[in-house]
Amino acid sequence: MKVLIIGGGGREHAIAVSMKKSRRVDTLYCVPGNAGIAQVAQCEPSIGVMEFDKIVAYAREKKVDLVFVAPDDPLAGGLTDVLEAEGFRVFGPKKNAAILEGSKAFSKDLMKKYKIPTAAYEVFHDPESALCWLETAAMPVVLKADGLALGKGVLICNTLEEAKAGVKEIMQDKHFGEAGNVLVAEEFLTGREVSVLAFVDGKTVKPMTSAQDHKRAGDGDKGPNTGGMGCFSPSPFYTEEIDTYCREHIYQPTVDAMAAEGREFKGVIFFGLMLTSDGPKVLEYNARFGDPETQVVLCRMKNDIMDVVDACIDGTLDRIDLQFEDSAAVCVVLASEGYPVSYQKGYEITGLNRFEGREDYYCFHAGSKLDSQGRVVTNGGRVLGITAKGSTLKEARAKAYEATEWVNFDHKYMRHDIGKAIEEV
Ligand code: AMP
Ligand code: GLY
């Protein structure tokens, strides 16, 4: 079959590599793709993920059998609905289900209504009522822009002054644009964070292996929040007991709640969890695969990804025996110095051929492109996701860091403590 992937980051590269392994995929296309994805798929860099008409025309021209929509913006914007209306088979939730990620106020209200454990919260539609409520609120408090904000619309405020400034930043100065029209103020939770991605077919949910992301730019979790600087899987803190609890109290209830609301969810739900002393609580939902979680999760999946994708679309996920290797993986992001604030692009990347033919090592491209001379150059803040598998997390971590030395580009930057927490276990 012919498959078109929508997106162009490390997550989409990892998805493309998994699909390339499928016995059922003949040709892969990707819009817009990147220089790494171009090694396994035919890319169309001139089309953006929000250019729905062009995507439909491209899918028609290539006569694709299935479109896999990976990023949040087109999902929240209804690309799945548009493609389905044109007769395409699509993986990814419809607009009325992607709201699970697209509106934090929606997801918090859903969790409250269906008693899914999460932090206590309030929703505000104007800055005055938010400021008034804050006067008597416990600190720290977490302020979140309601809409999509590239994972950056969350402010942890330690004092009333910081919180007031946060309300101004989100609701008045519109730092995160329209995403800040509505504000969610949340109780501050403490504990270990873990990400669990799960396949969903509208009624059945099959969680994948766990992962943990490192969101801050600097070592020791210092510096600004980013899209993710590295990841490891599985999380040793996500025990079988916690998994059993989450399946019963979080995963299945979420899928059932969406169905009960007439918003049947098909695709992947990303459960961002905090393992608190009161048990696991949902920090956030995403309506898609995570980045860079996908890079460390899919490379350990034993199933043919297309079998699972089909089962999600057809509502037959209960027949899939989802299996992961008893291995571990670590992904270290190589970024451009200055990310996420300001950085340069266009530097040549060398050493990529060192990954060729090396089993258990992956160089997923996040921000790269081919320049006019055919060289691979940096094209984003996050450039590469150097990923390795090992029999233990420790081994995977050593291999991933070893491989970060194989590639070079000017102003290469990385964290040195990805997965370090695992050494405490
Ligand atoms: P989110 O985009 O909602 O996942 O938030 C981004 C990050 O902010 C999370 O990964 C957590 O580290 C942190 N965070 C979000 N909500 C809370 C909360 N209620 N308590 C403590 N930290 C939080
Ligand atoms: N790694 C977090 C996300 O994909 O939103």
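The values are calculated or read from the model by the stated rules, or taken from the named source; none is laboratory data. Computed from a prediction, not measured in an experiment: that's the story for all the values here. Here Cβ is always computed from backbone atoms with ideal geometry, including for glycine, and neighbour counts include all displayed protein chains.
Tabulated results
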{"item": "Failed item in (1) assigned to a loop (DSSP other than H, G, I, E, B); (2) within 12 Å of ligand 1 (Cβ to nearest atom); (3) farther than 18 Å from residue 282 by Cβ; (4) not small (Gly, Ala, Ser), with residue 136 passing the rest", "result": "(2)"}
{"item": "Answer from 280, 253 - the residue that is in contact (Cβ under 8 Å) with a residue 60 or more places away in the chain, part of a strand (DSSP E or B) and more than 16 Å from ligand 2 (Cβ to nearest atom)", "result": "280"}
{"item": "Among (1) touching a helix residue (DSSP H, G or I) at 6+ places or on another chain (Cβ under 9 Å); (2) more than 22 Å from residue 393 (Cα to Cα), the one test that residue 332 misses", "result": "(2)"}
{"item": "Selection count, the range 147-165, where residues are within 16 Å of ligand 2 (Cβ to nearest atom), over 14 Å from residue 188 (Cα atoms) and surrounded by 14 or more Cβ atoms within 10 Å (Cβ to Cβ)", "result": "6"}
{"item": "The lone exception for residue 335 - which of (1) within 16 Å of ligand 1 (Cβ to nearest atom); (2) within 17 Å of residue 230 (Cα to Cα) it fails", "result": "(1)"}
{"item": "Test: residue 50 is assigned to a helix (DSSP H, G or I) and either surrounded by 15 or more Cβ atoms within 10 Å (Cβ to Cβ) or in contact (Cβ under 8 Å) with a residue 24 or more places away in the chain (or both)", "result": "no"}
{"item": "Unique residue being aliphatic (A, V, I, L, M), buried (at least 23 other Cβ atoms within 10 Å of the Cβ) and touching a Cys at 6+ places or on another chain (Cβ under 6 Å) when the list is 35, 41", "result": "41"}
{"item": "Set 196, 184: member being surrounded by 22 or more Cβ atoms within 10 Å (Cβ to Cβ) and more than 19 Å from the chain's Cα centre (by Cα)", "result": "184"}
{"item": "Residues within the range 100-120 that are more than 16 Å from ligand 2 (Cβ to nearest atom) and assigned to a helix (DSSP H, G or I), tallied", "result": "8"}
{"item": "Filter pass, residue 74 being part of a loop (DSSP other than H, G, I, E, B), crowded, with 18+ Cβ neighbours inside 10 Å and in contact (Cβ under 8 Å) with a residue 60 or more places away in the chain", "result": "no"}
{"item": "Filter result (surrounded by 20 or more Cβ atoms within 10 Å (Cβ to Cβ), modelled with pLDDT under 95 and at positive phi) within the range 199-253", "result": "228"}
